[in-house]
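The values are calculated or read from the model by the stated rules, or taken from the named source; none is laboratory data. Here the structure is a predicted model, which means the values were calculated and not measured. Neighbour counts run over all protein chains shown; Cβ positions are idealised from the backbone, glycine included. Just so you know, the surface numbers come from the protein's heavy atoms only, side chains and all, with ligands and any DNA or RNA stripped out. Shrake-Rupley method; radii C 1.70, N 1.55, O 1.52, S 1.80 Å.
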There are 2 protein chains.
Amino acid sequence: MTANQTAINTLIEQLRQQGFDEHQIKTDADSLGFWGKDWTKHFEPNASAIVFPKSTQQVQAIVKLCNALNIVITPSGGRTGLSAGAVAANGEVVISLDKMHQVLGFYPADRMVEVEAGIVTKALQDFAQQQGLYYPVDFASAGSSQLGGNIGTNAGGIKVIKYGMTRNWILGLTVVTGKGDILHLNKGMIKNATGYDLRHLFIGAEGTLGIVTEVQVKLERQPKNLTVMVLGVPEFTNIMQILSAFQSKMDLTAFEFFDDVAVDKLLATGHVQKPFETDAPFYALLEFEAPYEPIMDMAMQIFEDCMSEGWVLDGVMSQSIHQAQELWKLREYISETISVFTPYKNDISVLISRVPEFIADIDAIVSQNYPDFQVCWFGHIGDGNLHLNILKPENLSKDEFFEKCQVVNKHVFETVQKYNGSISAEHGVGMTKKPYLNYTRPDEEIDYLRAIKQVFDPNGIMNRGKIFD
Amino acid sequence: MTANQTAINTLIEQLRQQGFDEHQIKTDADSLGFWGKDWTKHFEPNASAIVFPKSTQQVQAIVKLCNALNIVITPSGGRTGLSAGAVAANGEVVISLDKMHQVLGFYPADRMVEVEAGIVTKALQDFAQQQGLYYPVDFASAGSSQLGGNIGTNAGGIKVIKYGMTRNWILGLTVVTGKGDILHLNKGMIKNATGYDLRHLFIGAEGTLGIVTEVQVKLERQPKNLTVMVLGVPEFTNIMQILSAFQSKMDLTAFEFFDDVAVDKLLATGHVQKPFETDAPFYALLEFEAPYEPIMDMAMQIFEDCMSEGWVLDGVMSQSIHQAQELWKLREYISETISVFTPYKNDISVLISRVPEFIADIDAIVSQNYPDFQVCWFGHIGDGNLHLNILKPENLSKDEFFEKCQVVNKHVFETVQKYNGSISAEHGVGMTKKPYLNYTRPDEEIDYLRAIKQVFDPNGIMNRGKIFD
């Protein structure tokens, strides 16, 4: 028996003595495989045990024991991450928040809800809806991801242009630090100027400083008559001109883009209808609230101006909620559709103003080095976040393809660095992007990150090996 | 000559050798007094020298020398602070950002401006205005305060209900840490999930971790047809009902309250007109954008509903920008008006839902202990931020009055603690509230703050003695 296995056995024994029941500790192979990994596929799961605490106090008990026994912890939410931030690959004990998903309190005057961090994002959205309110952070994995995980990566998604990142909606956090202390950070207040805001340090920390157990979330009024436009665009630079034209006069709730490669694949599935007859190399999808007739008129006017300028080839505007939902499918179904082409995916960001140059540079790099690779772009242009997808040619094996993509990777990140951009816009660093972190943050900055981790987690037991070594 | 004076002389000599000219170093008594203090009056300034760097590199040079010479630094902006965060009371060298106020770049597609941290808040607002955009953080001292200081306390002000705190508008920071490293934090990106966001650690740190030298600021579209309503309200709880009634249907840009004590003093100055004939014990001022007729109609409808419910005694709505400005004076002139009564001021916050109970508790404490003290309340009800002002009775000397207020202080902060609130909503801790910090943040949390300071400022030279000892 390894030293780690002995420690794990002691941990389990002591947790049982402290009242953890049989459903709260799993060590069977299926469970270790299931809870030991996230949506990434590059790392083999190798967890030692999965523990399901039911309270902040139970999380604290586990963390304290793991410190004493030198056991490394992988905090775990909905495991929908794409950077291997929640993979237990090295004998870790997984702390799953699956049994901590209650709504603890609702404060109508504050438009605030208090929840356990294991609540599924969609369940939080639904709760808000039931109260006549709105939780605006939304993305493809909302049906499985947990709020604690969203906080760990400061999740963004499709409504950031209006509502910002997860960070904007977090009024308070209860955390158990790597040392095992329980901290109640900011306690739900909007204004609180009493020293360093540790809440914001835990948001985006990917579980490396401690575990978020309870959250105070701000809610918003529901959007009114959300209306969607899809536009066919001749040149990529026109997309930026369209964004600017609309944004100078209206509040957009989304501004997405995708290219004809994505649309061709989508139409081939038969699940989505062509938005209009005209073919276009690029598409913009924009959304706005239109509770009053003059807003609709203004949108039409801007659309016509864009047509006159030659920035738009054709377009369509939703006339009902149903039509709006249909148009959204053009964007929402892309990821799933291209997944059959085993895409090499990258989630990167630069300043909005630098997007056209940046895309041109990356396109040139890929077509120069790999003329037979097809590139599919989509993303959140309204916030500078691009999803680069290189599709595997049929004649290449998966291994050969990924090997070549590793070479592309280096070029992509060098270009990100040249443009002062980010190697991870919203997916986090985890293990997948750890080797590339210094393309976005210089080594001396990473030294500060290490020192901060030391403050909260002196034994380095909390999600060790994620973000940095 | 003291050891400190010898060190200061060495510092000045070395700075001159490094090219600092005569206008960049001041040691005359007038300058030491002027730049050595902020708007608080409780601490005597006692600076050793004032240095005016012109670049991030010059700030770094000073910080490195001060580390070597064991000289303590007080970072200094517009010195409008109300918590003695920028007072040099113990022989510190003041680093003033007065000569670093340039606009460095403007990025229209990103709606972002890059500035030096010494820019005056009003100058930033004006620059945005000239570009057809808007910087929404606004408060009484905007004409003198500097952006770097706003960041140090995460300034809030009167538009937080819609636009949030200073934090929301900061896309990137260049800082010189207490150790003397230059860090470029977040580089202007909206989405960037690459490890701990140190930018948010520096926001609200009151210059105790380092000095912010350059800032990337997000701007917003200009508000359209801002319209103001002032309502007379019979009971404080009605204010909360009015807030809820409006907020459920409209987006408010401000929701302020003040009491009849404030209004009586205002009217007595003759500078402000009575908003309507009816007298009321409480007043609400609310503001919203009304670009379309139906929004105006909706506001009138909600107003009438509130009248029918008995929540409103009387009210007025602005019909022009001029009228809106006139109505704002009712709120904006309060601070200046009551300053002649030598008020004991406190800036505190609690959850919005707890405001009525909290105010009642504080009122009871004051009237029970000091029946001859007059209390004047005003504040930003829309975000739970209250300004408590106790007015000095004429028959009491200033010293006697402040002595009694110190006793009240303790009761106030105990009440804040009971309600899980904050002892400083937007003014920061500085030296004034340092003794009371643990009413909001428990000692074990403060230990983490101390450890973080140690990471960025191991010699403790950066604004020593502020926030905590």
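Seen against the Cα atoms of chain B and their longest principal axis, helix B:293-309 is set at about 70 degrees. Sorting A:HIS427, B:HIS200, B:HIS184 by solvent-accessible area of protein heavy atoms yields B:HIS184, A:HIS427, B:HIS200, largest first, with a 1.4 Å probe. When peptides A:369-378, A:157-166, B:432-441 are ranked by their average number of other Cβ atoms within 10 Å per residue, the highest-first order is A:157-166, B:432-441, A:369-378. Considering only B:GLY188, B:THR121, B:PRO234, the residue lying farthest towards the positive end of the dipole of chain B is B:GLY188, judged by Cα position with unit charges set on Cβ.
In degrees between 0 and 90, to the nearest 10, how far off the longest principal axis of chain A does helix A:236-247 point, with axes built from Cα atoms? Tilt of helix A:236-247: around 80 degrees. For the peptide B:418-425, the mean number of other protein chain Cβ atoms found within 10 angstrom of a residue's Cβ is 4. Counting only the Cα atoms, segment A:103-221 fills a convex hull of 100 Å³ per residue. How much of the accessible area of segment A:133-225, in percent, comes from carbon and sulfur atoms when a 1.4 Å probe is used? Taking all protein chains in place, segment A:133-225 shows 44 percent carbon and sulfur surface.
The fraction of accessible area contributed by carbon and sulfur in segment B:342-426 is 47 percent, rounded to a whole number (1.4 Å probe; ligands and nucleic acids excluded). Per Stokes-Einstein, at 4 °C and 1.567 mPa s, what whole-number D in µm² s⁻¹ belongs to the protein assembly as shown, with the Kirkwood radius over Cα pairs as the hydrodynamic radius? Rounded, D is 44 µm²/s. Anisotropy class assigned to segment B:241-309 is prolate, per the alpha carbon gyration tensor with a/c at or over the 1.5 cut-off and a/b larger than b/c.
In this assembly of identical copies, the label point of A:ASP279 (Cα plus 7 Å along Cα-to-Cβ) is separated from its counterparts by 8.0 nm, sorted shortest first. Using a basic spin-label model with each label point 7 Å from the Cα along Cα→Cβ, how many nm lie between B:THR237 and A:ASN395? In this crude spin-label approximation the distance works out to 8.0 nm. Surface composition of segment B:3-99: carbon plus sulfur atoms contribute 48% of the solvent-accessible area (1.4 Å probe, protein chains only, all chains present). Using a probe of 1.4 Å, the accessible surface attributed to B:MET229 totals some 0 Å² when neighbouring protein chains are kept in position.
Ranking B:GLY164, A:ALA89, B:ILE203 by Cα position along the charge dipole of the protein assembly as shown, where only Lys, Arg, Asp and Glu carry charges on their C-beta atoms, puts A:ALA89 farthest toward the positive end.
With a simple spin-label model that places each label point 7 Å from the Cα along the Cα-to-Cβ direction, the separation between B:SER367 and B:ASP469 comes to 3.9 nm. Summarising the rotation from chain A to chain B, the nearest chain A beta-carbon to the axis and its distance in Å are given as A:HIS200, 2. Beyond 31 Å between alpha-carbons counts as too far, so tell me which of A:LYS64/B:LYS433; A:LYS434/B:LYS453; A:LYS265/A:LYS433; A:LYS26/A:LYS434 fall in that bin. From A:LYS64/B:LYS433; A:LYS434/B:LYS453; A:LYS265/A:LYS433; A:LYS26/A:LYS434, over 31 Å: A:LYS64/B:LYS433. With the convex hull constructed from alpha-carbon coordinates only, segment A:342-426 shows a mean projected area of 5.0 nm² over all directions. In this structure the protein assembly as shown gives 38 Å² per residue of accessible area when probed at 1.4 Å with all protein chains present. What shape does segment A:2-42 take by its C-alpha gyration tensor, where a ≥ b ≥ c are the square roots of the eigenvalues and a/c under 1.5 counts as rounded, a/b above b/c as prolate, and the rest as oblate? Oblate, because a/c is 1.5 or more while a/b does not exceed b/c. Counted over chain A with a bin width of 10 Å, the fraction of Cα pairs per bin, in whole percents, is 4, 19, 28, 26, 17, 6, 1, 0. Label-point spacing for A:ASP443 across the identical copies (point 7 Å from Cα in the Cβ direction), in nm and ascending order: 4.2. For chain B, the longest principal axis of the alpha carbon atoms and the long axis of helix B:398-418 meet at an angle near 80°. Counting, for every residue in A:441-453, the Cβ atoms of other protein chains within 10 Å of its Cβ and taking the mean gives 5. Taking every alpha-carbon pair within segment B:3-99, the share separated by more than 21 Å comes to 25 percent. Peptides B:86-96, A:400-410, ordered by how many other C-beta atoms sit within 10 Å of their residues on average, highest first, read B:86-96, A:400-410.
Apply the a/c threshold of 1.5 to the C-alpha gyration tensor of segment B:320-371 and tell me whether it is rounded, prolate or oblate. Judged from the Cα gyration tensor, segment B:320-371 comes out oblate (a/c at least 1.5, b/c at or above a/b). Note: relative contact order over chain B, using C-alpha pairs below 8 Å and six or more positions apart, is 16 percent.
The spacing between segment A:24-100 and segment B:282-327, judged by their C-alpha centroids, is 54 Å. Rounded to the nearest 100, the interface formed by chains B and A buries 6600 square angstrom of accessible surface, both chains summed, with a 1.4 Å probe.
Evaluated over segment A:103-221, the count of Lys pairs having alpha-carbon atoms less than 23 Å apart is 9 (only pairs 8 or more residues apart or interchain).
Distances between equivalent label points of B:GLU403 across the copies, with each point positioned 7 Å along Cα→Cβ, amount to 8.6 nm, shortest listed first. Counting Cβ atoms of other protein chains within 10 Å of each residue's Cβ and taking the mean over peptide B:206-213 gives 1. Rounded to the nearest 500, the 222 nm mean residue ellipticity of chain A from helices alone is -11000 deg cm²/dmol, with -39,500 (n - 2.57) taken per DSSP H run of at least 4 residues.
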